[in-house]
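Down below is the structure, laid out as structure tokens.
What follows is calculated from the coordinates using simple rules that are stated; it is not laboratory data. Treat the numbers as computed from the prediction; the structure is a model and nothing was measured. No Cβ is skipped: glycine too gets one built from the backbone with ideal geometry, and neighbour counts run over all protein chains shown.
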Amino acid sequence: MTTGTFALGRLAGNDLAIGGTVVSSNSIAIPTVTGSPFSLANCAATASGTIDFTSIGTFSASTFNAELSDALGNFGTTPPVIGTTVANGVNPSGTINITIPPGTVSGTLYKIRIASSSPAIYQ
């Protein structure tokens, strides 16, 4: 597991925080985040970018969601989904287009993780 923090106003790719628990032999990795720094001009603005991901194992028509933590770095039970894609097969990979939603408050403890639906794991 790789961890770190980022500020929405000054996110650099190597500042991205990814946290998770693997609950099967499958896994997901995130080698690249583009579009940073994510800076929102005001409460109504959004910011966008992409997250590349790779995975190990067999995935069956799995939805891969990019999820944003709260300002304290906690994901809770239903974190907001900021991007999604569907992939399947053995060791699928791809790119997820992400959008930081309007109204996201400034902070330095935000994290992004990737969660898959089948099997249900996150990284």
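Distance between the pseudo-spin-label points of residue 91 and residue 50 (7 Å out from Cα toward the beta carbon): 2.1 nm.
Each other residue within a Cβ distance under 14 Å of residue 120 adds +1 if Lys or Arg and -1 if Asp or Glu, for a net charge of 0.
Applying 1/(1 + (r/R0)^6) with R0 = 25 Å to the Cβ-Cβ distance of residue 77 and residue 105 gives a FRET efficiency near 0.80. For the stretch 106-123, backbone phi angles converted through the Karplus equation (6.51, -1.76, 1.60; θ = phi - 60°) give residue-by-residue couplings of 5, x, 10, 10, 4, 9, 10, 9, 10, 10, 10, 9, 8, x, 7, 9, 9, 9 Hz, Gly and Pro being listed as x.
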